[in-house]
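A quick write-up on the structure given underneath.
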Amino acid sequence: MPTELSKRFVRAYDRLPPQVQKRVERALRLLNENWRHPGLRARRLSGQRNIFYAHVDRDHRLTYERRGDVLVLRNVGLHDETLKNP
């Protein structure tokens, strides 16, 4: 599935430590292969129709929006901060 990167996602990704960036890249590979991959533990955000979150690691999440056949990556970072501002 094709993906687009929001400016916010790119800025947030750039602020992450290198070891977390590698985990994000792994999660993005899984997301590109299958947005429902069990390793992502992807879930719909409560109260949101097309916005989902996926696990990067124990502490980090990424959010994305499904727009037809395109996944728009919205945000990435620490769990609470990312899910408060998807």
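The table below gives the values:
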{"item": "Top-ranked residue in region 68-86 [being over 14 Å from residue 45 (Cα atoms) and without any contact (Cβ under 8 Å) to a residue 24 or more places away in the chain; ranked as surrounded by the fewest Cβ atoms within 10 Å (Cβ to Cβ)]", "result": "68"}
{"item": "Residue check, residue 20 within 14 Å of residue 78 (Cβ to Cβ) and β-branched (Val, Ile, Thr)", "result": "yes"}
{"item": "Residue ID - surrounded by the fewest Cβ atoms within 10 Å (Cβ to Cβ), chosen from residues in region 26-59 that are out of contact with any helix residue (DSSP H, G or I) (no Cβ under 8 Å at 6 or more places or on another chain) and part of a helix (DSSP H, G or I)", "result": "38"}
{"item": "Some residue of region 71-82 being in contact with a Ser or Thr (Cβ under 7 Å, 6 or more places away or on another chain), at pLDDT below 95 and among the aliphatic types (A, V, I, L, M)", "result": "yes"}
{"item": "Selected residue [touching a residue at least 40 places away in the same chain (Cβ under 8 Å) and loosely packed, with under 13 Cβ neighbours inside 10 Å] from 17, 2", "result": "2"}
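The values are calculated or read from the model by the stated rules, or taken from the named source; none is laboratory data. Predicted model, so just to flag it, every value in this text is computed and none were measured. Ideal geometry is used to build each Cβ from the backbone, glycine not excepted, and the neighbour counts take in all protein chains shown.
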